[in-house]
Amino acid sequence: MSFLSEALWVLLLGSLLGLELIGKVPPTLHTPLMSGANAISGITMLAALTLIIKSGDQLPLLVMGSIALGFALFNVIGGFLVTDRMLAMFSRKSSNGRGNR
């Protein structure tokens, strides 16, 4: 079995496991879980950048690193946007109906 096929199996099984675990989390725990996922995605971004730098002329590693970087970046940016929106819910409302922004 080649490295690429093993990596694709790990990606598939990890995705299925993640989907199964996230589906069973109650809504009250989504915010702490998302905070942890953002931290893990930050580590994934560093690993993906390392893979891209060290890939050399191996196209499959470059593509896999780029995809991993894209997904991790999407997760981190989405987490920051959701956190900002959640914090805006707790800001005091001014007299004109808008938040303190």
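Here, each number is a calculation from the coordinates, and none is a lab measurement. It should be emphasised that the depicted structure is a prediction, and the values quoted were computed from it without experimental measurement.
Based on every Cα atom in region 33-90, Rg and the maximum pairwise Cα distance Dmax equal 14.0, 50 Å. A full extension of the chain between Arg92 and Leu59 corresponds to an added length of 6.7 nm, given 0.36 nm per residue minus the alpha carbon distance. Here the 3J(HN,Hα) profile of region 57-63, calculated from phi with Karplus coefficients 6.51, -1.76 and 1.60 at θ = phi - 60°, is 9, 8, 4, x, 5, 5, 5 Hz, Gly and Pro shown as x. Value of Rg to Rh for the chain, rounded to two decimals, is 1.14; Kirkwood radius and Rg both from alpha-carbon coordinates.
For the chain, find the longest principal axis of its Cα atoms and tell me its angle to the long axis of helix 30-54, 0 to 90°, nearest 10. Once rounded, the angle reads 40 degrees.
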